[in-house]
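Every read-out reported here was derived from the displayed coordinates using simple, explicitly stated rules and does not represent laboratory data. The structure displayed is predicted, hence computed values, not measured ones. As a convention, Cβ positions derive from the backbone with ideal geometry for all residues, glycine included, and neighbour counts pool all protein chains shown.
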Amino acid sequence: MACKLKELSFADLTVGLFKDFNRDQEVKKCWRQENGEWTLKDIVFTEKWDTANYRFLTECLRNTIKSGGTVYGAFEQEKLFGFASLENVFIGSRKHYLQLSSIHVSCEYRGGGIGKKLFHLIAVKARQAGAEKLYISAHSAEETQAFYQALGCVDAGEIQAGLAAGEPCDRQLEYDLNRLIIQHEQSAENHLAENTVGKE
């Protein structure tokens, strides 16, 4: 599959951009914290987004760019099938976190490594901005948590109360940007340079 990674502009972000995107996720197990311990529970539901969700998403991503943040998209020809966003506001007691506010891959494209590529682009951007760690309020589904753990994410050392309260079922994670070795940084930048159509 030919994959093009692109940093998105404000003008790129319309509801129509997501017309072929499929957020569907069949969830069977989720992590829940009980008495200070994380336990995998049988919790069954289907995560789906409707038009209202995509409108809200579009506004959120536009606000990310307006506030100086970054949004990347992954495309097959002109079809968006993955995206990730990094906020530009430092958080934490030492202002050492930048938030990975979203990362999603369309249902039919999952498992192909696109999520990992988007994650590393975001990590490189955060490191270049001066952050020590990424902060992630992550969906608690078993497969979502497995994705983050495989990348080296761990439970956040400093919970951001506002984010945790906004999504009480999420698991609050962090990623130490010192884990990024030079090869990862160069690989992400080279991949973007070779496969990106520049901002309009």
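Could you work out the Rg to Rh ratio of segment 115-160, with Rh taken as the Kirkwood radius (inverse of the mean 1/r over all Cα pairs)? Before the final figure, lay out each step's value.
Numbers: Rg = 11.1 Å, Rh = 11.5 Å.
Rg divided by Rh gives 0.96.
What is the set of long-range amide H partners of Gln99 at a cut-off below 5 Å, with H atoms built 1.01 Å from backbone N?
Residues meeting the criterion, in which the H sits 1.01 Å from N, are Glu87, Val89, Tyr135.
Please compute, for the alpha-carbon atoms of the chain, the extent along each of the three principal axes and give them in descending order in Å.
Sorted largest first, the three principal extents are 50, 37, 29 Å.
Can you pull the one-decimal nm distance between simple spin-label points at Lys95 and Phe45, each 7 Å off the Cα toward Cβ?
Distance between the two pseudo-spin positions: 3.7 nm.
Compute log10 of I(q)/I(0) for segment 100-181 with the Debye formula, placing one identical point scatterer on every Cα and leaving out solvent, at q = 0.27 Å⁻¹, to two decimals.
Those come out to -1.48, one per q.
Could you tell me the center-to-center distance, by alpha carbons, between segment 128-181 and segment 34-53 in angstrom?
Between the Cα centre of segment 128-181 and that of segment 34-53, the gap is 16 Å.
Assuming 0.36 nm per residue, please report the length gained on full extension of the stretch Ala150 to Val27 beyond their Cα-Cα distance.
Values: separation 123, 0.36 × 123 = 44.28 nm, distance 1.87 nm.
Full-extension gain reported as 42.4 nm.
When only C-alpha pairs under 8 Å and at least 6 residues apart count, what is the relative contact order of the chain, in percent? Mind dumping the intermediate values first?
Values: 342 pairs, mean separation 46.1, N = 200.
So the answer I get is 23 percent.
Would you please give the residues with an amide H less than 5 Å from that of Leu8, counting only those at least 5 places away or on a separate chain, with H modeled from the backbone geometry?
Val71, Tyr72, Gly73
If each of Glu59 and Glu76 carries a label point 7 Å out from its Cα toward its Cβ, how far apart are those two points in nm?
Going by the 7 Å Cα→Cβ label model, 3.2 nm.
Enter the mean projected area of the convex hull around the alpha-carbon atoms of segment 1-115, in nm², rounded to one decimal.
Details: hull surface 36.8 nm².
The Cα convex hull of segment 1-115, projected and averaged over all directions, gives 9.2 nm².
Would you mind giving the three semi-axes, in whole Å and largest first, of the ellipsoid equivalent to segment 65-121 according to its Cα gyration tensor?
On the way: eigenvalues 129, 31, 11 Å².
For segment 65-121, the ellipsoid semi-axes come out as 25, 12, 7 Å.
Among Ile43, Ala126, Cys60, pick out the residue whose Cα is farthest towards the positive end of the charge dipole of segment 32-135, where Lys and Arg carry +1 and Asp and Glu carry -1 on C-beta, about the Cα centre.
The residue sitting farthest along the positive end of the dipole is Ala126.
Using the Cα atoms as the points, what is the convex hull volume per residue of segment 20-67 in Å³?
So the per-residue Cα hull volume is 118 Å³.
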